[in-house]
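In what follows, a structure is listed as structure tokens, so that the remarks can point back to it.
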Amino acid sequence: MTIAGGSLRRRLLVGILVPVLLVIALNSYSLYTGALAAANTAYDRTLLASAKVIGDQLDVDGYDERAQLRATVPYSALEAFEADNRSRMVYRVSDLQGHLVSGYGDLRFWQGTLPTHGPYAALVDFYDDRYADRTVRVAVLLQPVSSANGRAMAVIQVAETLELRRTLAQQILLGTLLRQALLVAVIAVVVVLVVQFVTRPVRHLSRELEARPEGDLTPIATGGAPREVQPLVDATNAVMTRLAHLLDNQKRFVRDTAHQLRTPLAVLKVQVQSALRGDVEPAQALGEINATVERATALANQMLSLAKVEQLRQQPGAEVSDFALVARVIAIELSPLIANKDIDFEIATVPAPIRAHDWMLTELARNLLHNAIKHTRSGAPLTVRLSVDRGFAVLVIADSGPGIAAELQPRLFQPFSAGDVMSGSGLGLAICQEIVRALGGTIQLDNRIEHGRVAGLDATVRLPLAENAS
């Protein structure tokens, strides 16, 4: 599993501020364009008012094509509409054919069309143009002119340079950006403070873990943890519990190995020294050494098996195995021992799918059946039954041995608890119990009473069946 690096606070800041900045940028653009449109509308109204003032100064002689327009418009008439000395206003009065009546002849005659649905009741149009190598905004007014001596239509154009509009646009943009920058700064400060406050439990948890002494795997207290941090705390506690369990098993394995192997090794050393001195015959010495080595080997193998159970417990993805097939294979494997004691052996099984590592089921069946063969009297019956009961596979191995003594019952599944009845290293039943626990089942040993006396021992194992197994 790979966990990407980086600061959680930085990620939160980026995750919060980037969308906020995008929204603020869009909002700033919207505010700026809206304010600029409103300013343009206000200045366009000024141009229209100037055109109307000029229209009021017009006179006409004649009608229609014979009409002669006259304009007496002093430039001072436009001064009232000039906001300051940075901008300049010019005008042109023409007839419908474009003939100049008054004003500036180098201002190009209007060639456009009136808008279908304009914002004003008057016949007016607005457009951008060039005048004296400068960009200007032009208002066009089609003004009907009438007098006692005639009637005609005048085309009045009033143009204004854009310095004032650009200055206003810059002021609007600067004001908008300053306000939005202040807003971003406030949001950033609030986010930093909130993130600092929200991540305080995580930092506290980190400091608590760092301050722990080596080997301290006790669970973390979950009382003051926020609800969002609770899954992290629970997962950490689960990992620490598993680690503690693994360390305990490792310590126990090392301790038991050192304790249990010390005796056979000491015996083996004495036997070798005795053989070297010639205290016993070579054949007898080799026989004794061989027996000691076999006991030590069996003990080491069983201790490794006990450790392997824990190793397999931590490995997910076990396959589904048929417990019935495993039991029959083990019965065939141990058939020479059964035949050597002339045991009346019987086995009856039904399919029982178990999700487990095959080694676990094999080791479980081998240990239980081997113990049963060991303690069954020669010629006596030994029965193996495997059935299915309410979602569990039930394995019962019934021998004809002496059963379990009452004083041995409390420590039956403890390692190295071999007694008079269960001879050997005392690890077989401990291995069986660990396997059954790892598979979520149960195991129990009960004396079988017939006619008021112990007729044998029943070893009963219950393991959950694999789900959705065919």
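Every number in this text was worked out from the coordinates using simple rules, so none of it is lab data. Keep in mind the model is a prediction, meaning the values are calculated, not measured. Positions of Cβ are backbone-derived with ideal geometry, glycine not excepted, and every protein chain shown enters the neighbour counts.
The H on the amide N of residue 102, modeled in the peptide plane, is under 5 Å from the matching H of 93, each at least 5 residues off or on a different chain. Region 148-225 and region 353-395 have Cα centres separated by 71 Å. Compactness check for region 316-464: Cα Rg over 2.2 N^0.38 Å is 1.00.
Residues 449, 172, arranged from fewest to most other Cβ atoms within 10 angstrom of their Cβ, appear as 449, 172. A Förster radius of 35 Å, combined with the Cβ-Cβ distance separating residue 448 from residue 232, puts the computed FRET efficiency at roughly 0.10. The residues packed around residue 101, meaning those with a beta-carbon under 10 Å from its beta-carbon, carry a net charge of +1 if Lys and Arg are +1 and Asp and Glu are -1. The modelled label-to-label distance between residue 291 and residue 206, using points 7 Å beyond Cα along the C-beta direction, is 6.5 nm.
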